[in-house]
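K.L.:
Have a look at this one before I ask anything.
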Amino acid sequence: MAMTGENADVWYPPGHGDIYASFYNSGLLEQLIAEGKEYIFVSNIDNLGATVDLYILNHLVSQPNGKRCEFIMEVTDKTRADVKGGTLIQYDGKLRLLEIAQVPKAHVDEFKSVTKFKIFNTNNLWISLSAIKRLQEQNAMDMEIIVNPK
């Protein structure tokens, strides 16, 4: 699709949330499940320090079936260097990720506070392959589009 003045507002890059549909539609998800794989580890390309933590993997697979986590997000204490990254909040009774692009300009300084928002999302994710498959097949992966003007 060519980006022109007429259609530029309807085009957006798929971003992080596109991984689930792409993984499913490519056949790679089904292939990994057929090979007996249970989890994937996903990390942002700009997180050069990301490594597979075998303690987390061991925790995931050592839980009894039916009690295993389907999604784990690695978080850390937020520092002043992490002011642009996402944080976790309680919203409508649910734990949600809040990204800076979702914050009204009047509240950006508050969002950047390391005392108010103490958690930083590393975007290192552990995800159950069977959960991705189930949610994709149920069309239940309702990913919010976060507008981030560049």
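The values are calculated or read from the model by the stated rules, or taken from the named source; none is laboratory data. Since the model is a prediction, treat every value here as computed from it, not as a measurement. With ideal geometry, Cβ positions are generated from the backbone for all residues, glycine too; neighbour counts draw on all protein chains shown.
K.L.:
Quick one: in the range 78-91, of everything that is in contact with a strand residue (DSSP E or B) (Cβ under 7 Å, 6 or more places away or on another chain) and charged (D, E, K, R), which residue is nearest to THR115 (Cα to Cα)?
P.N.:
Step by step, filter the range 78-91, then rank; the result is LYS78.
K.L.:
If you don't mind, another one. Take the conditions modelled with pLDDT under 90 and either loosely packed, with under 11 Cβ neighbours inside 10 Å or in a helix (DSSP H, G or I) (or both) and apply them to LEU48. Does it pass? Quick ask: steps written out before the conclusion?
P.N.:
Numbers: modelled with pLDDT under 90: yes; either loosely packed, with under 11 Cβ neighbours inside 10 Å or in a helix (DSSP H, G or I) (or both): yes.
The answer is yes for LEU48.
K.L.:
Among the candidates THR79, THR51, THR87, THR115, single out the residue that is farther than 30 Å from GLU137 by Cβ and touching a helix residue (DSSP H, G or I) at 6+ places or on another chain (Cβ under 8 Å).
P.N.:
None of the other options fit; the residue is THR87.
K.L.:
Could you list all residues from the range 92-119 that are closer than 30 Å to ASN65 by Cα and touching a strand residue (DSSP E or B) at 6+ places or on another chain (Cβ under 7 Å)?
P.N.:
Listed by number, the residues that qualify are LEU95, ARG96, LEU97, ILE119.
K.L.:
Among strands (runs of 3 or more DSSP E) lying entirely in the range 59-150, which contain 2 or more residues that are buried (at least 16 other Cβ atoms within 10 Å of the Cβ), free of Cβ contacts under 8 Å to residues at least 24 places away in the same chain and at negative phi?
P.N.:
Here the list is empty.
K.L.:
For the condition in contact with a helix residue (DSSP H, G or I) (Cβ under 7 Å, 6 or more places away or on another chain), surrounded by 10 or more Cβ atoms within 10 Å (Cβ to Cβ) and β-branched (Val, Ile, Thr), what is the one hit in ILE56, ILE33? Can you show your working first?
P.N.:
Values: ILE56 fails: in contact with a helix residue (DSSP H, G or I) (Cβ under 7 Å, 6 or more places away or on another chain).
Being in contact with a helix residue (DSSP H, G or I) (Cβ under 7 Å, 6 or more places away or on another chain), surrounded by 10 or more Cβ atoms within 10 Å (Cβ to Cβ) and β-branched (Val, Ile, Thr) holds for just one of ILE56, ILE33, which is ILE33.
K.L.:
Can you tell me which residues in the range 27-58 are aliphatic (A, V, I, L, M) and either free of Cβ contacts under 8 Å to residues at least 40 places away in the same chain or farther than 20 Å from PHE120 by Cα (or both)?
P.N.:
Answer for the range 27-58, where residues must be aliphatic (A, V, I, L, M) and either free of Cβ contacts under 8 Å to residues at least 40 places away in the same chain or farther than 20 Å from PHE120 by Cα (or both): LEU28, LEU29, LEU32, ILE33, ALA34, ILE40, ILE45, LEU48, VAL52, LEU54, LEU57.
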